[in-house]
Amino acid sequence: GNSVTQMEGPVTLSEEAFLTINCTYTATGYPSLFWYVQYPGEGLQLLLKATKADDKGSNKGFEATYRKETTSFHLEKGSVQVSDSAVYFCALRNYGGSQGNLIFGKGTKLSVKP
Amino acid sequence: DGGITQSPKYLFRKEGQNVTLSCEQNLNHDAMYWYRQDPGQGLRLIYYSQIVNDFQKGDIAEGYSVSREKKESFPLTVTSAQKNPTAFYLCASSIGDGVQETQYFGPGTRLLVL
């Protein structure tokens, strides 16, 4: 079946540090891949997405590349800010079966200290 | 402003009581979804609707019911049959077809049992 595995948090970084949050997936076919961010007490916001192999999604300094050979979609940012503190969710959407069903990882909490 | 609204922000349920969570969108999206989020967990799909007057069960539909009488509205009822309803409930709607489909989320409703 389809599944998403994220690195466990919490991740604590100092401001301006480099961020990597690992995400790997299991899926048949060619899923679309997403990163969502959730700030405390709020809903999820779409951060970036990629729909095919070797696509790079990017937004607000965050990037992730769809790597089919390693079934990965790691999130990176070169210099984090305190305002990036949030929970980050990796998700995939496959086609056929439960149409529209997003499969989420468990989330990785990021804390950025000044 | 276009968006997805959920109300109330906090909801309290007494033993044996049914409660209804509201979700409204003015984005003209056809598809709408309900997810449940438990602490330290990813999101799990409860119900989804691709079109008015039609909806499908997700992975954890037991103890929940929905209706989709209008395109803009997709209310979720948590029935007394749901024995562990305390969670954060997120509504989403989506635009696009196939690989281009992207889901956007509301701010969430936190349900607590008295």
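On average over all directions, what projected area in square nanometres does chain B have, based on the convex hull of its Cα atoms? One quarter of the hull surface, i.e. the mean projection, equals 7.1 nm².
Taking every residue in A:41-48 and counting other chain Cβ atoms within 10 Å of its Cβ, the average works out to 5. Shielding by partners for peptide A:102-114, expressed as the average number of C-beta atoms from other protein chains within 10 Å of each residue's C-beta, is 3. Under a 5 Å amide H cut-off, with hydrogens placed 1.01 Å from N, B:Thr102 pairs with B:Ile95 among residues at least 5 apart or on other chains. As a proxy for reagent exposure, ranking B:Thr77, B:Thr102 by other Cβ atoms within 10 Å from fewest up yields B:Thr77, B:Thr102. The lysines whose alpha-carbon is closer than 17 Å to the alpha-carbon of A:Lys68, local same-chain residues fewer than 8 away aside, are A:Lys49, A:Lys52, A:Lys56. Exposed loop sites were defined as GluC sites (Glu not before Pro) in DSSP loop states (anything but H, G, I, E or B) carrying at most 13 other C-beta atoms within 10 Å; in chain B the longest segment without such a site runs B:16-61.
With N denoting the number of residues in the protein assembly as shown, provide Rg(C-alpha) divided by 2.2 N^0.38 Å, to two decimal places.
The value comes to 1.01.
For B:Asp30, what is the net charge nearby, where nearby means another residue's Cβ is under 13 Å from its Cβ and Lys, Arg count +1, Asp, Glu -1? Taking every Cβ under 13 Å from that of B:Asp30, the sum is -1. Scoring B:5-13, A:33-41 by mean Cβ neighbours within 10 Å over their residues and listing the highest first yields A:33-41, B:5-13.
The lysines within cross-link reach of B:Lys83, meaning a Cα-to-Cα straight distance under 22 Å and a gap of 8 or more places when in the same chain, are B:Lys9, B:Lys14, B:Lys57.
Taking amide H as placed 1.01 Å from N in the peptide plane, A:Leu110 has its amide H under 5 Å from the amide H of A:Val11, A:Ala86, A:Val87, A:Tyr88, each at least 5 places away in sequence or on another chain.
Values quoted throughout were computed directly from the atomic coordinates according to the rules given, and no laboratory measurement underlies them. Since this is a predicted model, take the numbers as computed values, not measurements. Using ideal geometry, Cβ is built from the backbone for each residue, glycine included, and neighbour counts are taken over all protein chains shown.
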